[in-house]
Amino acid sequence: MSDNSNWHGTTIVLIRKGKDVVVAGDGQVSLGNTVIKSTAKKVRKIEKRNVIAGFAGSTADALTLFERLEAKLEKHAGNLTRAAVELAKDWRTDKYLRRLEALMAIADKEKSFIISGTGDVLEPEEGIIGIGSGGNYALAAAKVLMETKMSAEEIAKKSIQVASEICVFTNNNITLEKI
């Protein structure tokens, strides 16, 4: 089971609308064509720094990266941009971290980023991020829903629901964090 290439099953969407920032994720983890777990929590909040993160990929790898992000935020006095860049740099250059297979969508009240193991720190243009196997479906739904009067939370939930109806590796057991 250590071959992560067969692990699937994450949809994360990050919505920034008005003064609200929301990260939502589904709860499904699959191995091949088998659902292993339907209630995984792929969204976390760093209360002390008012930062939220959602992760796609291997759960153990993502949790390791989440802990590293937390440490970087502490080291850089809560500066999310600096913490994201430093995490991406470590992820790309560290022998151990380089093997981690995950993507992260992170946000505070001012900024949102996608961080990858290839050293990318990407800021979305429209305040919307979608990652994981159903990420593009959730992203497309969110883009359309942003033009409505729906709240960021409602858009995030509906986007995951839409993705769950299309992507077999996504369910509608939604975990959501808001700042």
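The values are calculated or read from the model by the stated rules, or taken from the named source; none is laboratory data. These figures come from a predicted structure and were not determined experimentally. When we count neighbours, we look across all protein chains shown, and the Cβ atoms used for this are built from the backbone with ideal geometry, even at glycine.
Please work out which residue is surrounded by the fewest Cβ atoms within 10 Å (Cβ to Cβ), limiting yourself to region 153-167 and to residues that are in contact (Cβ under 8 Å) with a residue 40 or more places away in the chain and more than 12 Å from Ile12 (Cα to Cα).
Filtering first and then ranking leaves Glu153.
Which of the numbered conditions does Lys45 fail, given that it passes all the others? Conditions: (1) surrounded by 14 or more Cβ atoms within 10 Å (Cβ to Cβ); (2) among the basic types (Lys, Arg); (3) in a helix (DSSP H, G or I).
The number of the failed condition is (3).
Go through region 136-152 and give me each residue that's touching a helix residue (DSSP H, G or I) at 6+ places or on another chain (Cβ under 9 Å), among the hydroxyl-bearing types (Ser, Thr, Tyr) and either assigned to a loop (DSSP other than H, G, I, E, B) or without any contact (Cβ under 8 Å) to a residue 24 or more places away in the chain (or both).
Residue satisfying the conditions is Thr148 alone.
Only one of Ala88, Ala138 is out of contact with any Pro (no Cβ under 8 Å at 6 or more places or on another chain), buried (at least 16 other Cβ atoms within 10 Å of the Cβ), more than 30 Å from Val168 (Cβ to Cβ) and of a type in the set (A, V, I, L, M); which?
After ruling out the rest, the residue left standing is Ala88.
Any residue in region 90-115 that is on the phi > 0 side of the Ramachandran plot and of a type outside the set (D, E, K, R) sitting within a Cβ distance under 7 Å of a residue that is surrounded by 24 or more Cβ atoms within 10 Å (Cβ to Cβ) and in a strand (DSSP E or B)? List the pairs, counting only those 6 or more apart or interchain.
none
In region 30-42, is there at least one residue being under 20 Å from Phe113 (Cα atoms) and of a type in the set (A, V, I, L, M)?
No: region 30-42 contains no residue that is under 20 Å from Phe113 (Cα atoms) and of a type in the set (A, V, I, L, M).
Which condition number does Gly117 fail, the rest of (1) among the small types (Gly, Ala, Ser); (2) more than 16 Å from the chain's Cα centre (by Cα); (3) modelled with pLDDT under 95 being met?
(2) is the only condition that Gly117 fails.
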